[in-house]
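The structure under discussion appears below in the form of structure tokens.
The values are calculated or read from the model by the stated rules, or taken from the named source; none is laboratory data. Not measured: the values here are computed from a predicted model. Note that each Cβ is placed from the backbone with ideal geometry, even for glycine, and that neighbours are counted across all protein chains shown. Quick note on the areas: whole protein, heavy atoms, side chains included, nothing else; ligands and nucleic acids left out. Shrake-Rupley method; radii C 1.70, N 1.55, O 1.52, S 1.80 Å.
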Amino acid sequence: MSDAEAKTNQNETNYAAEFARDFYEAGIVKFGSFTLKSGMVSPIYLDLRRLISKPRLLKKVAAALCAKARSDKIKYKRLAGIPYAGIPIAVAMSLKNSKPCIFARKEIKDYGTKQAVEGEFKEKEKILVVDDLITTGASKIEAVAPLFGCGLRVHDFIVIVDREQGGKEELEAKGYALHSLIKITDLLAELKK
């Protein structure tokens, strides 16, 4: 393991230690049998959508994500939250770091402006895509298609938790970089403590 990888793993472990108890007490971490969006069945479910009901915790997560983006030296002009869980996280980050926020609609309205992407942006701007977690990369790749359709550039994704089920590798195979605060193995190790 290189020094850079060791430092990255240390940062992720620190975030796991910082958030494990908070996530458990907020009801974000659930144990049982859950079918994930990918179709996989998991004994662990992370309901990070609950962050919208926990403003102090959401603020703390947003600050950590902004710090992670800085430490990983991600260059971007705007944040784009993936509907629906990524939108409030991106907005919280936007309030923290004063970067503008946009989001790609899941469905284009057939009334009003009929926009595929909501918010202000300029063609060719570099976007940091924000979501709650990653299992496989398929839904992330699908979610950014409207951004490309509007001439925006995407290279980096940032998530709170990497479930370590192939998502990072799938994104990397398509030329994207994944940045995560916490790996699920580190989160579970902290919860076990």
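Summed over the range 87-117, residues that are small (Gly, Ala, Ser), assigned to a loop (DSSP other than H, G, I, E, B) and within 17 Å of residue 153 (Cα to Cα) total 1. Say whether the condition of being hydroxyl-bearing (Ser, Thr, Tyr) and over 18 Å from the mean Cα position of the chain (by Cα) is met by at least one residue in the range 167-187. Within the range 167-187, none of the residues are hydroxyl-bearing (Ser, Thr, Tyr) and over 18 Å from the mean Cα position of the chain (by Cα).
Only one entry in 189, 145 is outside any strand (DSSP E or B), in contact with a strand residue (DSSP E or B) (Cβ under 9 Å, 6 or more places away or on another chain) and either open to solvent by 20 Å² or more (accessible area, probe 1.4 Å) or under 14 Å from residue 132 (Cβ atoms) (or both), namely 145. Here are the criteria: (1) assigned to a strand (DSSP E or B); (2) modelled with pLDDT of 95 or more. Tell me which single one residue 60 does not satisfy. Of everything listed in (1) assigned to a strand (DSSP E or B); (2) modelled with pLDDT of 95 or more, residue 60 misses just condition (1).
When the range 155-185 is filtered for residues that are open to solvent by 20 Å² or more (accessible area, probe 1.4 Å), in a strand (DSSP E or B) and either under 20 Å from residue 35 (Cα atoms) or β-branched (Val, Ile, Thr) (or both), only 183 remains. Please verify whether residue 84 is aromatic (Phe, Trp, Tyr), over 20 Å from residue 174 (Cβ atoms) and assigned to a loop (DSSP other than H, G, I, E, B), treating the condition exactly as stated. So residue 84 passes the test. Against the numbered list (1) over 17 Å from residue 129 (Cβ atoms); (2) assigned to a loop (DSSP other than H, G, I, E, B), residue 30 comes up short only at (2). Scanning the range 81-111 for residues that are open to solvent by 70 Å² or more (accessible area, probe 1.4 Å) and either farther than 25 Å from residue 64 by Cβ or out of contact with any helix residue (DSSP H, G or I) (no Cβ under 8 Å at 6 or more places or on another chain) (or both) yields 98, 106, 107, 108, 110, 111.
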